[in-house]
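Notes to accompany the following structure.
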Amino acid sequence: TTSTCVTGLVTVPTYSTWSIFGQIVILVLIQCGGLGAVAFMSLFFIMVHKKLNLKDSQLIQEAFNLNSMSGLKVFIKKVFIWTFSIEAIGAILYMIVFVPDFGINGIWISIFTSISAFCNAGLDIIGDVSLCDYATNPLINSVTSLLIVFGGLGFIVWWDIVRVIKEFRPKNIGCLRMLTLHSKIVLSATFSLIIFGALFILLFEYNNPLTLEKYSLFDKIQISLFQSITTRTAGFATLPQENLTNASVLICMLLMFIGGSPVGTAGGIKTITFVSLLAVAIALIRNKRDVVIFKRNLATEIARKAVAVTFMSFIIIFVSTVLLSLTMDNSITDILYETISATSTVGLSRNLTYSLNSIGKIIIIITMYLGRVGPISLAIA
């Protein structure tokens with residue numbers, strides 16, 4: 001479940017528990033879970049030269065939030081080509097560090113980590129402490145962060161950015177404004193949340209002897225930046241989560257709850273939902289009838305969907321927290337951190353996952369599944 005739902009919460013160490021075959025199975029599940037069942041179904045149809053009927057085309061259109069059903073085969077091919085290309089580049093860059101450290105096994109570790117990072121899974125086969133041993137390694141930090149962000153932005157944003165770059169001319173700087181409203185919201189929200197999270201984590205952990213106090217200013221900044229990015233549903237850790245201050249834990253919970261962006265590999269309520277709620281709140285406070293984002297009116301349907309998604313996610317977190325509290329004697333902070341992480345398919349834990357009893361494991365399994373399926377899909381079903 002944690003592999004297919006690209007969450008990353010594990011009850012046993014991945015690197016030492018499973019054989020190479022087991023790790024391959026896990027990696028295949030991560031790739032399938034990251035890109036989605038609809039994408040692989042579509043690829044299968046294309047490979048066997050099966051013509052997509054209207055029902056299949058509508059399913060793909062809805063799954064990827066496309067405006068039309070034209071060019072679906074080309075779109076699906078681009079998704080897989082870009083995904084495998086980015087993961088391959090990430091693996092090659094990882095090898096620069098992992099091959100010297102782990103020998104020939106470093107190649108497999110690089111491939112596994114790259115796919116896991118891009119799919120925002122957070123599973124790794126490096127050791128017991130995730131990426132904590134590489135907390136101050138700029139290459140590992142930057143490559144992992146970029147893979148997480150690329151995966152979390154969503155495929156629609158990729159194509160939009162490429163389109164604008166192709167149309168860019170030095171004398172036509174205005175073409176940068178040609179990004180769709182979806183892309184503008186995703187990019188601005190992603191950048192703002194990363195910076196917001198990094199600044200507050202740096203502030204709250206700066207003098208914490210259990211986390212950042214011993215590091216230089218540069219290392220403190222890169223570790224804080226990584227922590228802010230990984231909470232966007234990636235699940236890798238360069239800091240022990242149980243050592244974070246309460247203030248940082250709350251910031252991380254908020255970032256995990258928001259998550260990544262639609263039509264990508266990330267979880268959470270999504271940046272579009274968060275920005276829509278924020279815009280609705282601002283409009284109500286200012287007593288404005290229209291909800292405006294980037295000089296565009298927000299459709300009422302989108303605002304209603306944002307409220308529904310947030311409410312359903314909150315209900316899932318609340319119920320799973322109550323149920324887990326009945327079966328575990330851990331602090332409410334650790335339990336809430338776990339359930340938000342599971343619902344938003346993040347994978348960060350304050351050392352609670354390893355100690356889950358049988359009932360606790362079932363609760364987290366169901367929570368991860370509901371978080372990945374999505375609250376709206378759950379409600380409609």
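Which of the helices (runs of 4 or more DSSP H) contained wholly in the stretch 1-106 include at least 3 residues that are of a type in the set (G, A, S)?
Fully inside the stretch 1-106 and qualifying: 20-35, 37-47, 72-102.
Please tell me if I282 is at pLDDT 90 or above and farther than 30 Å from G235 by Cβ. Yes, satisfied.
When the residues of the stretch 181-214 are filtered to those that are over 28 Å from V292 (Cβ atoms) and in contact with a Phe, Trp or Tyr (Cβ under 8 Å, 6 or more places away or on another chain), which remaining residue is least open to solvent (accessible area, probe 1.4 Å)? Among residues in the stretch 181-214 that are over 28 Å from V292 (Cβ atoms) and in contact with a Phe, Trp or Tyr (Cβ under 8 Å, 6 or more places away or on another chain), the one least open to solvent (accessible area, probe 1.4 Å) is L212. Residue count for the stretch 252-292 under the criterion of being within 20 Å of the chain's Cα centre (by Cα) and not in a helix (DSSP H, G or I): the result is 12.
Yes/no per residue for (1) charged (D, E, K, R); (2) at pLDDT below 90; (3) closer than 14 Å to G260 by Cβ:
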residue	(1), (2), (3)
F150	no, no, yes
D160	yes, yes, no
V164	no, yes, no
R169	yes, yes, no
C175	no, yes, no
L179	no, yes, no
K184	yes, no, no
L187	no, no, yes
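Looking at the stretch 293-309, is at least one residue open to solvent by 90 Å² or more (accessible area, probe 1.4 Å), closer than 20 Å to T2 by Cα and not in a helix (DSSP H, G or I)? No, there is no match, as no residue in the stretch 293-309 is open to solvent by 90 Å² or more (accessible area, probe 1.4 Å), closer than 20 Å to T2 by Cα and not in a helix (DSSP H, G or I). Note on the stretch 351-362: residues that are more than 21 Å from the chain's Cα centre (by Cα) and surrounded by 15 or more Cβ atoms within 10 Å (Cβ to Cβ) total 3. Among the residues in the stretch 330-342, are any modelled with pLDDT under 95, of a type in the set (A, V, I, L, M) and under 15 Å from I269 (Cβ atoms)? No; the residues of the stretch 330-342 include none that is modelled with pLDDT under 95, of a type in the set (A, V, I, L, M) and under 15 Å from I269 (Cβ atoms). From the list I229, I251, I282, which one is touching a Ser or Thr at 6+ places or on another chain (Cβ under 6 Å) and over 22 Å from L370 (Cβ atoms)? Just one listed residue meets the conditions, I229. Give just the number: which of (1) open to solvent by 30 Å² or more (accessible area, probe 1.4 Å); (2) in contact with a helix residue (DSSP H, G or I) (Cβ under 6 Å, 6 or more places away or on another chain) does S313 not satisfy? The number of the failed condition is (1).
Taking the criterion of being surrounded by fewer than 11 Cβ atoms within 10 Å (Cβ to Cβ) and in contact (Cβ under 8 Å) with a residue 60 or more places away in the chain, the only residue of the stretch 17-54 that qualifies is I20. For the stretch 215-228, a tally of residues being open to solvent by less than 20 Å² (accessible area, probe 1.4 Å), among the hydrophobic types (A, V, I, L, M, F, W, C) and either touching a helix residue (DSSP H, G or I) at 6+ places or on another chain (Cβ under 7 Å) or more than 13 Å from S142 (Cβ to Cβ) (or both) returns 1.
Inspection of the stretch 166-174 finds no residue satisfying the criterion of being open to solvent by less than 10 Å² (accessible area, probe 1.4 Å) and either in contact (Cβ under 8 Å) with a residue 40 or more places away in the chain or in contact with a helix residue (DSSP H, G or I) (Cβ under 6 Å, 6 or more places away or on another chain) (or both).
The numbered conditions (1) modelled with pLDDT under 95; (2) open to solvent by 40 Å² or more (accessible area, probe 1.4 Å); (3) not small (G, A, S) are all true for P138 except (1).
Looking at the stretch 55-109, which of the residues that are buried (at least 17 other Cβ atoms within 10 Å of the Cβ) and of a type in the set (D, E, K, R) is modelled with the highest pLDDT? Checking each candidate, the answer is E87.
All told, L324 falls short of being open to solvent by less than 20 Å² (accessible area, probe 1.4 Å), modelled with pLDDT of 95 or more, over 18 Å from the mean Cα position of the chain (by Cα) and within 13 Å of V10 (Cβ to Cβ). Quick check on the stretch 319-333. Is at least one of its residues aliphatic (A, V, I, L, M), touching a helix residue (DSSP H, G or I) at 6+ places or on another chain (Cβ under 7 Å), assigned to a helix (DSSP H, G or I) and free of Cβ contacts under 8 Å to residues at least 24 places away in the same chain? Yes, that holds for at least one residue.
The values are calculated or read from the model by the stated rules, or taken from the named source; none is laboratory data. Just so you know, these numbers come straight off a predicted model, no measurement behind them. Virtual Cβ from ideal backbone geometry, glycine too; neighbours counted across all protein chains shown. Areas reflect the complete protein model, heavy atoms only, side chains present, ligands, DNA and RNA absent. Shrake-Rupley method; radii C 1.70, N 1.55, O 1.52, S 1.80 Å.
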